1. Please give the net charge around LEU341, taking every other residue with its beta carbon less than 10 angstrom from that of LEU341, where Lys and Arg add +1 and Asp and Glu add -1.
2. Residues in region 146-184, backbone N under 12 Å from the label point at ARG253 (7 Å along the Cα-to-beta-carbon vector): list them, ranges by number please.
3. For region 136-149, just list the computed ³J(HN,Hα) in residue order, Karplus coefficients 6.51, -1.76 and 1.60, θ = phi - 60°, integers in Hz, with x standing in for Gly and Pro.
4. What is the extension gain from HIS339 to ARG263, computed as 0.36 nm multiplied by their sequence separation minus the C-alpha to C-alpha distance, in nm to one decimal?
5. Give, to the nearest whole percent, the P(r) tail of region 151-191 beyond 16 angstrom, counting all Cα pairs.
6. In terms of the ratio Rg/(2.2 N^0.38 Å) built on C-alpha atoms, what value belongs to region 162-231?
7. What does the highest-first list of 14-27, 270-283 look like by mean Cβ count within 10 Å?
8. Name the residue from THR175, ILE202, GLY219 whose Cα lies farthest towards the positive end of the charge dipole of region 162-231, charges +1 on Cβ of Lys and Arg and -1 on Cβ of Asp and Glu.
Amino acid sequence: MASIQEPLLRVEDLKTHFFLDEGVVRAVDGVTFTVPRGKTVCVVGESGCGKSITARSVLGLVESPGRVVSGHVWWNPARLDAPAGAGAPAEAGPPAVRSAVPSAAEPAAGPTTRRRRGRPPRDDDPSGGSGPVDLAALDSRGEDLRRIRGNDISMVFQEPMASLSPMYTVAHQLTQAIRVHERADRQEAFERGVSLLSRVGIPRPEQRMDSYPFQLSGGMCQRVMIAIAIACGPSLLIADEPTTALDVTTQARIIDLLRDLQRATGMSMLFITHDLGVVAEVADEVVVMYLGTVVEQGGVDEIFHDPKHPYTRALLASIPTMGAGARRRPTSIRGQVPHPLRRPKGCPFHPRCDSAIPGLCDTVAPPTVDLGDGRRARCVLYDPKLVAEHTRPAPGDRTSDDGSQP
Ligand SMILES: Nc1ncnc2c1ncn2[C@@H]1O[C@H](COP(=O)(O)OP(=O)(O)OP(=O)(O)O)[C@@H](O)[C@H]1O
């Protein structure tokens with residue numbers, strides 16, 4: 001990912017596990033990526049690879065029996081990296097911000113234990129509320145995280161009908177959201193609600209304010225949800241499959257709307273999707289996930305034109321290409337995503353990988369290799385030393401002149 005851009009959110013070695021009677025599901029297992037200011041990062045992968053749980057972990061919305069077990073979710077991490085004299089605190093390390101990772105002397109927090117707090121942004125905060133905060137260290141039900149959720153980060157979910165209450169009118173739900181964030185009397189909040197509905201492209205917004213969700217189409221409901229999400233003027237909008245439940249034409253309109261809003265407001269987006277067509281439309285940067293891990297990340301053009309990881313290649317090969325010159329038939333990825341409790345040893349993708357090296361990929365956890373220009377791939381193929389070590393004939397092995405094994 002482009003390191004020169006100012007980061008707004010940095011997810012660092014995040015692990016979120018579900019503790020079931022049958023075993024532990026490592027839904028998110030050491031995920032690291034950055035969302036730069038004003039940019040859209042798409043998290044993509046097949047169903048069950050951990051996209052939604054990553055998004056929910058950022059906002060402390062993971063429900064029991066799941067919990068963030070370690071890692072960081074830095075909000076405004078730039079200040080952590082800023083050189084002395086550039087506004088960074090003088091001490092080394094993440095100052096005034098405490099980690100979510102338990103020290104050796106401190107037992108890991110259990111599901112019901114209150115986790116330690118990072119520094120919340122406050123009105124009297126000298127950084128103006130923009131200092132680094134480890135969201136993963138905040139109490140998920142506490143006021144500090146709620147405040148960041150309400151003011152700085154918003155989320156739009158997959159099912160707009162399910163996200164809106166069927167019991168209340170659009171006006172009620174929208175004005176409530178507005179009045180949580182700003183001091184406004186009923187009339188002011190109503191007017192602001194109308195203007196937000198108009199902004200998200202809802203025709204006759206004043207009339208729509210009186211509608212109940214069941215009187216609106218899926219696309220309209222999603223627009224209302226987006227209006228609620230942007231009511232606080234968030235710096236980051238997390239959109240979890242916001243178009244999956246909609247028909248293709250409505251999907252395209254919602255995508256256009258989100259892009260327009262982003263252009264107009266400068267907000268960042270963390271966009272969760274399994275749809276590579278959507279990724280191509282909205283992403284600046286792409287994070288490809290498989291079984292709870294990031295297998296590849298980089299700029300959208302590089303990922304689409306020069307995919308490095310065999311999983312990314314397989315994902316791209318599985319989508320139909322359009323256009324006059326398109327001759328290639330899409331090929332589906334061989335096999336299925338393994339059951340989360342039966343995770344393959346070594347690289348989790350190796351049973352489905354055409355490039356897997358027997359004896360290596362099925363035994364060794366792949367390293368994440370920095371490929372330059374912000375690109376990373378988690379695959380042994382980019383670690384020639386590791387490949388050479390495992391493919392070198394053992395002493396005593398005899399090889400004939402033509403290179404074949406006896
Ligand atoms: N409440 C839960 N209890 C147990 N396991 C869960 C729970 N929620 C999610 N998981 C597991 O966590 C893993 C990641 O799920 P997640 O919803 O993040 O996948 P996803 O990539 O978003 O898939 P989809 O596109 O289908 O939503 C899956 O194996 C899932 O079964």
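1. That sum, taken over residues with Cβ under 10 Å, equals +2.
2. Under cut-off, by backbone N: nothing.
3. 5, 8, 7, 5, 5, 9, x, 4, 5, 6, 4, 5, 5, 4
4. Values: separation 76, 0.36 × 76 = 27.36 nm, distance 4.00 nm.
Taking HIS339 through ARG263 to full extension adds about 23.4 nm, to one decimal.
5. Cα-Cα pairs of region 151-191 separated by over 16 Å account for 44 percent.
6. Values: Rg = 10.6 Å, N = 70, 2.2 N^0.38 = 11.1 Å.
Taking N as the residue count of region 162-231, the ratio is 0.96.
7. Numbers: 14-27: 17.1, 270-283: 21.1.
Most protected by this proxy first, the peptides run 270-283, 14-27.
8. Farthest along the dipole direction, towards plus: GLY219.
Quick note: the coordinates plus some simple rules give every number you see, no bench work behind them. All values derive from a computational prediction rather than experimental measurement. Ideal geometry is used to build each Cβ from the backbone, glycine not excepted, and the neighbour counts take in all protein chains shown.
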